[in-house]
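Quick notes on the structure that follows.
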Amino acid sequence: MKKNLLKCVTFVFIILICIISLVKLSIPKENNSESEGAKTSSVKKSNPVSFRPYKDPDDIASEGSWNEKSESKAYPKINNKEKDLSLRVSLKGNRVYLLKNKEVVYTMLSTAGIFKGGKSMTPIGTFKIRSNRGETFFNKKLNEGAHNWTSWDPTNVYLFHSVPTKENGKFNIKEANKLGKDQGSHGCIRLSIPDSHWLMKNIPVGTKVVIKND
């Protein structure tokens, strides 16, 4: 009788193992692939480096360095007759690249428009540097100002400028610390104080500005 009982238990155990194996085999592999793909997509979305079209130079300043040049080397020499000069903006990469003859000659830490519903408040497309520029401004509606502004928009709504200032003229440190790390503006492109001043003084009118998410 004991032998019969043992046989029954063994038989039931074998049946259970078979059922479990069949259940595992019936799980679609596509689900696992989708899960892995979602993880990869999530990592890329949260990593600004993956959105940068050019590698950071070795001498680039640490992110958040809003009161110093983005690179330790001297700014490139520019004249008003430059023909092959352009500015390339990476919104998600938090960088502005100055290109000469399609070669990156200077990389700047930047902070552009906040993303809402997957879309940046900074418009993407091809624009050009305007003649409108100045030392300082304050927008009462946004309760925010900045120094060293340079327009790249026909209506002067969107600008390159320094990290933001408060109504009392002092810099907004919390927002300034986002430079090169994250988005945070209402649509303008923020640069460090020295970078924004150099750009205002040196970039010729008509210089092409290409703005992309990556």
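Observations
- Among residues of the stretch 46-59 that are touching a residue at least 24 places away in the same chain (Cβ under 8 Å) and under 26 Å from ALA74 (Cβ atoms), those with a Cβ under 6 angstrom from a residue that is crowded, with 17+ Cβ neighbours inside 10 Å and basic (Lys, Arg), sequence gap 6+ or separate chain, pair up as ARG52/ARG95.
- Residues in the stretch 168-187 that are more than 18 Å from ILE114 (Cα to Cα) and either in contact with a helix residue (DSSP H, G or I) (Cβ under 6 Å, 6 or more places away or on another chain) or not in a loop (DSSP other than H, G, I, E, B) (or both): PHE171 only.
- Members of the stretch 149-171 that are over 17 Å from HIS197 (Cα atoms) and β-branched (Val, Ile, Thr): THR155, VAL157
Rundown of residues vs (1) modelled with pLDDT of 95 or more; (2) of a type outside the set (Lys, Arg); (3) in contact with a Lys or Arg (Cβ under 9 Å, 6 or more places away or on another chain); (4) in a loop (DSSP other than H, G, I, E, B), yes/no style:
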residue	(1), (2), (3), (4)
VAL43	no, yes, no, no
TYR54	yes, yes, yes, yes
GLY64	yes, yes, yes, yes
GLU68	yes, yes, no, yes
PRO76	yes, yes, yes, yes
GLU82	no, yes, yes, yes
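- Count of the stretch 97-128 residues which are closer than 20 Å to TYR54 by Cβ, over 15 Å from the mean Cα position of the chain (by Cα) and assigned to a loop (DSSP other than H, G, I, E, B): 2
- Among the numbered conditions (1) in contact (Cβ under 8 Å) with a residue 40 or more places away in the chain; (2) assigned to a strand (DSSP E or B); (3) over 19 Å from the mean Cα position of the chain (by Cα), the only one that ARG190 does not meet is (3).
- Hits in the stretch 108-121 (condition: surrounded by fewer than 21 Cβ atoms within 10 Å (Cβ to Cβ) and either among the hydroxyl-bearing types (Ser, Thr, Tyr) or closer than 14 Å to PRO76 by Cα (or both)): SER120
- Total residues in the stretch 117-176, condition within 22 Å of LEU98 (Cα to Cα), of a type in the set (Phe, Trp, Tyr) and in contact with a Pro (Cβ under 9 Å, 6 or more places away or on another chain): 2
- Checked against the criteria, GLY206 does not count as assigned to a loop (DSSP other than H, G, I, E, B) and within 24 Å of GLU68 (Cα to Cα).
- Restricting attention to the stretch 141-162, the residues that are touching a residue at least 12 places away in the same chain (Cβ under 8 Å), in a loop (DSSP other than H, G, I, E, B) and more than 20 Å from THR207 (Cβ to Cβ) total 2.
The values are calculated or read from the model by the stated rules, or taken from the named source; none is laboratory data. Predicted model only: the values in this text are computed from it and were never measured. A quick note on method: Cβ atoms are made from the backbone with ideal geometry, for glycine too, and the neighbour counts reach across all protein chains shown.
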